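For reference, the structure discussed in these notes is given below.
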Amino acid sequence: MKNEFIRAFRNKFFLFYLGIGLLFILLGYILLITIDNVKNITFPDLSLSVYTVFSQFGPMIYTALIITTISSDYKDKNIVFYKEMGNSSVKYFLKKVGVIFIISVFTSFLVSSIVCLLYNRIDMLLPYLLKLEALLLSFGILNLIIVFVFKNFTESFFINLMLWIGGIVLAGTNDNLSFLAYFDASMNNYNTFERIIDKKILNPYTLVLNDYLFVIIILILAIVMSYILKKRWWKNGIQ
């Protein structure tokens, strides 16, 4: 696991990930001014705008960065090395998830701290951080399992993109399919989060708990897939 973090630092993965998070804060602020024409930006305005940017731009921009963590291993035939070091397909996948988890924690903390400290809303720091972290983890895990299976960067990117768009469309037509776009700003999950930010709901942790149950389900399904498709993982790594 240590080697994974060293690689992430050396290839500037951490730096790019954090940089995108800071860029999203700026973009959230710009959108409030240019599109929403908000003159006096409040904490609810900025926090919700930044979250919306993460939920709607993150699956596009972060995806391109995340899938390189596995596609580059396939391209450079690093899977042979991983297997010789005693890594199974599941262990390999979980190492990649671990890197995404750690860097998303740093990113969520940095973004949440900036947004909350600007308005002296320390009371919302932890709920906001946990919300962003759940969002980043959810599509991070999905990105990883897609590239784990499909290998190629371009193919994996467009499959992720089509699944994201298709999920939003299907969720918009049927409430029973809302889990396909669980964190999107058009879903009920966002409406509940908005009420928490506006202090209309005093306990934010019920929503946070539901968010992480959703993430855990995604992770379990992804782990099962990485085990079932272990032969494909090896095949992708040597061809």
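Entry remark, the stretch 225-239: residues being part of a helix (DSSP H, G or I) and open to solvent by 40 Å² or more (accessible area, probe 1.4 Å) number 9 in total.
Can you report the number of residues in the stretch 174-202 which are over 20 Å from Leu136 (Cα atoms) and at pLDDT 85 or above?
Total meeting the criteria: 1.
Take Ser49 and decide whether it is modelled with pLDDT under 95, over 18 Å from Asn11 (Cβ atoms) and in a helix (DSSP H, G or I). When the stated conditions are applied, Ser49 passes them. If the condition is being of a type in the set (Gly, Ala, Ser) and either at positive phi or not in a helix (DSSP H, G or I) (or both), then the stretch 77-110 contributes Gly86, Ser88.
Every condition in (1) in contact with a Phe, Trp or Tyr (Cβ under 9 Å, 6 or more places away or on another chain); (2) in contact (Cβ under 8 Å) with a residue 12 or more places away in the chain; (3) of a type outside the set (Ser, Thr, Tyr) is met by Val105 except one, and the failing one is (1). Selection of the stretch 3-44 for residues being touching a residue at least 12 places away in the same chain (Cβ under 8 Å) and either open to solvent by 70 Å² or more (accessible area, probe 1.4 Å) or touching an Asp or Glu at 6+ places or on another chain (Cβ under 8 Å) (or both) yields Phe16, Leu22, Tyr29, Leu32, Asp36, Pro44.
I need a count of the residues in the stretch 118-161 that are without any contact (Cβ under 8 Å) to a residue 40 or more places away in the chain, within 26 Å of Asn191 (Cβ to Cβ) and not in a loop (DSSP other than H, G, I, E, B). Explain how you work it out, then say what you get.
From the stretch 118-161, those without any contact (Cβ under 8 Å) to a residue 40 or more places away in the chain are 120, 122-123, 125-126, 129, 133, 150, 154-155, 158-159; that's our starting set.
From what is left, the residues that are within 26 Å of Asn191 (Cβ to Cβ) are 120, 122-123, 125-126, 129, 133.
Among the residues that remain, those that are also not in a loop (DSSP other than H, G, I, E, B) are: 122-123, 125-126, 129, 133.
Final tally of qualifying residues: 6.
Leu125 fulfils the conditions (1) at pLDDT below 90; (2) surrounded by fewer than 19 Cβ atoms within 10 Å (Cβ to Cβ); (3) of a type outside the set (Asp, Glu); (4) touching a helix residue (DSSP H, G or I) at 6+ places or on another chain (Cβ under 6 Å) except for a single criterion, (1). Ser49: closer than 24 Å to Ala181 by Cα and open to solvent by 10 Å² or more (accessible area, probe 1.4 Å), yes or no? In short, yes.
If you go through the stretch 162-194 and keep only what is surrounded by 15 or more Cβ atoms within 10 Å (Cβ to Cβ), of a type in the set (D, E, K, R) and in a helix (DSSP H, G or I), you end up with just Glu194.
Checking each residue in the stretch 198-224 for being loosely packed, with under 14 Cβ neighbours inside 10 Å, assigned to a loop (DSSP other than H, G, I, E, B) and of a type in the set (A, V, I, L, M) picks out only Leu202.
The values are calculated or read from the model by the stated rules, or taken from the named source; none is laboratory data. Small disclaimer: the values here were computed from a predicted structure and weren't measured. Cβ: placed from backbone, ideal geometry, glycine included. Neighbour counts: every protein chain shown. Accessible surface is based on the protein model in full, side chains and every heavy atom, while ligands, DNA and RNA are left aside. Shrake-Rupley method; radii C 1.70, N 1.55, O 1.52, S 1.80 Å.
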